2 protein chains.
Amino acid sequence: MIFKAIVSYDGTRYFGWQKTRMGPNIQEKIASAILQITGEQVLPEAASRTDRGVHAEGQVIQFNLNKEYEPHRLQRSLNAVLPSDIRIARLEFASADFHPTLDALAKEYHYRISLGPVQEPIDRLYAWHFHSPLDLEKMKIAANDLIGTHDFTALSNERSNEKEKDPLCKLMQIEIDCMDQGHLQLKITGNRFLYKMARNIAGILVYIGCGKLSQDCILSIIASRDRKKAGVTAPAHGLFLHKVFY
Amino acid sequence: MIFKAIVSYDGTRYFGWQKTRMGPNIQEKIASAILQITGEQVLPEAASRTDRGVHAEGQVIQFNLNKEYEPHRLQRSLNAVLPSDIRIARLEFASADFHPTLDALAKEYHYRISLGPVQEPIDRLYAWHFHSPLDLEKMKIAANDLIGTHDFTALSNERSNEKEKDPLCKLMQIEIDCMDQGHLQLKITGNRFLYKMARNIAGILVYIGCGKLSQDCILSIIASRDRKKAGVTAPAHGLFLHKVFY
């Protein structure tokens with residue numbers, strides 16, 4: 001019996017999605033909730049291996065149980081034993097061939113930024129505090145140059161343990177929304193994302209917004225394939241995996 | 001030298017504004033930051049004694065220092081030593097007769113509610129999760145009956161250690177905003193608030209919204225002066241002291 005779940009989490013205290021000996025991680029917490037409720041030992045697969053400190057509103061996971069369970073009851077039981085910073089927002093049956101990573105057509109990330117000289121304490125774990133003013137028009141012009149299919153090597157970091165084989169990604173949309181006077185939100189949708197690519201996109205757009213990089217630098221930086229030219233990696237705690245499209 | 005500061009805090013881990021032996025509190029944390037930076041022992045006064053777990057975006061405090069300090073530098077120094085869940089958002093000189101409680105003309109509280117079957121984990125410390133649907137129109141009609149000057153005994157709790165002398169308060173505004181599909185915010189402005197009155201207003205309006213109380217119950221409940229008729233006290237973690245007016 002294959003289950004598909006939408007999972008939300010506050011990533012603050014976790015070493016990311018993936019099982020690791022470094023410390024607490026989402027994958028093991030969910031596996032241990034499933035074990036506690038069903039007695040079955042499974043390791044759920046996720047659409048995206050979110051990094052340490054990254055949050056999710058719409059992570060999609062898959063797991064396979066031998067016994068039969070009614071999805072609503074299983075969802076309630078899992079939420080009753082999961083830590084309060086991880087929630088199963090939805091749970092349903094999936095077809096036998098469903099794979100959360102391979103079947104994903106696109107992912108939408110949100111990146112939150114809070115502006116002004118002093119950050120509101122309740123934003124401190126959920127938004128990057130940037131105190132210099134940002135020119136939204138410049139950021140929007142630059143964002144437009146990111147749309148389309150490019151070799152995004154300049155906007156990805158190397159993983160220590162593996163090489164990226166295919167650097168081509170297609171970005172469908174970058175929306176820059178002013179939530180209120182003090183908050184910006186970047187909505188970034190693409191067919192796939194290289195390692196730290198969403199945070200590097202947030203970083204380069206912020207550097208363009210504050211004038212550290214020019215609004216027309218994007219195409220030449222992409223062409224250079226040089227990470228060092230593309231500004232800063234925005235911190236993990238501003239990033240949310242918002243939705244996965246199938 | 002009298003200083004006036006606007007203070008924001010995440011009240012999650014505090015036993016409220018006021019100094020207490022029960023545990024950590026905002027007043028002592030700020031006093032200890034002032035001591036650390038200036039060497040002067042003062043106990044700041046606040047516009048509102050927020051309860052355990054209540055947050056603030058615009059608490060107003062006053063304190064008196066013997067030595068001279070440039071407000072911007074002092075603000076930066078205090079923020080450097082304060083815990084990250086308390087911030088001095090603004091600091092300025094105040095006139096010698098300024099008193100944050102006595103001079104306050106009005107206070108605006110915000111109360112946040114998240115709806116739907118499962119709460120987003122990042123809302124868990126900052127919004128009351130209420131899973132039954134709420135009828136906003138009924139809540140707005142009822143809110144209208146709360147506006148004006150009334151004896152608010154039915155919407156206040158008794159403090160264990162003191163009697164409320166004057167139960168008359170004037171509510172100027174209650175706005176009920178749908179932030180997005182999953183979030184409501186009540187904006188409640190009044191000249192003064194009795195103990196737990198803001199949370200009791202949120203509680204009665206939610207009970208009216210979900211049909212546990214009728215939309216036209218307000219005036220008779222106020223007239224009864226009976227706390228037991230007025231529904232539930234909404235939990236502390238949804239409440240924000242938003243602004244104090246002078």
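The values are calculated or read from the model by the stated rules, or taken from the named source; none is laboratory data. This is a predicted model, so every value here is computed, not measured. Note: ideal-geometry Cβ built from the backbone for every residue, glycine included; neighbour counts use all protein chains shown. Heads up: the accessible areas ignore ligands, DNA and RNA and are worked out on the full protein's heavy atoms, side chains in. Shrake-Rupley method; radii C 1.70, N 1.55, O 1.52, S 1.80 Å.
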| said: Only one of B:157, B:144 is away from every other protein chain (no Cβ under 14 Å), on the phi < 0 side of the Ramachandran plot and not in a helix (DSSP H, G or I). Can you tell me which? | reply: B:157
| Do we find a residue being under 30 Å from residue B:103 (Cβ atoms), modelled with pLDDT of 95 or more and open to solvent by 50 Å² or more (accessible area, probe 1.4 Å) anywhere in region B:210-217? | no
| Filter result for residue A:150 (more than 18 Å from the chain's Cα centre (by Cα) and either buried (at least 17 other Cβ atoms within 10 Å of the Cβ) or within 14 Å of another protein chain (Cβ to nearest Cβ) (or both)) | yes
| remark: By residue number, the members of region B:54-80 that are within 14 Å of chain A (Cβ to nearest Cβ), in contact with a Ser or Thr (Cβ under 9 Å, 6 or more places away or on another chain) and open to solvent by 10 Å² or more (accessible area, probe 1.4 Å) are B:57, B:77
| remark: Going through region A:222-241 in order, the residues found to be open to solvent by 10 Å² or more (accessible area, probe 1.4 Å) and either over 22 Å from residue A:119 (Cβ atoms) or part of a helix (DSSP H, G or I) (or both) are A:222, A:223, A:224, A:225, A:226, A:227, A:228, A:229, A:236, A:237
| Restricting to region A:112-129, what's the tally of residues that are away from chain B (no Cβ under 14 Å) and either among the aromatic types (Phe, Trp, Tyr) or surrounded by fewer than 17 Cβ atoms within 10 Å (Cβ to Cβ) (or both)? | 1
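What is the residue count in region B:81-105 for residues that are more than 18 Å from residue B:9 (Cα to Cα) and either open to solvent by less than 50 Å² (accessible area, probe 1.4 Å) or not in a loop (DSSP other than H, G, I, E, B) (or both)? Walk me through how you get there before you give the answer.
The initial filter retains those residues of region B:81-105 that are more than 18 Å from residue B:9 (Cα to Cα), namely B:92-99, B:101-105.
Still in the list and also either open to solvent by less than 50 Å² (accessible area, probe 1.4 Å) or not in a loop (DSSP other than H, G, I, E, B) (or both): B:92-94, B:98, B:104.
Going through region B:81-105 one residue at a time, the tally reaches 5.
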| request: Look through B:50, B:101, B:38, B:12 and report the one residue that is closer than 30 Å to residue B:199 by Cβ and more than 14 Å from chain A (Cβ to nearest Cβ). | output: B:101
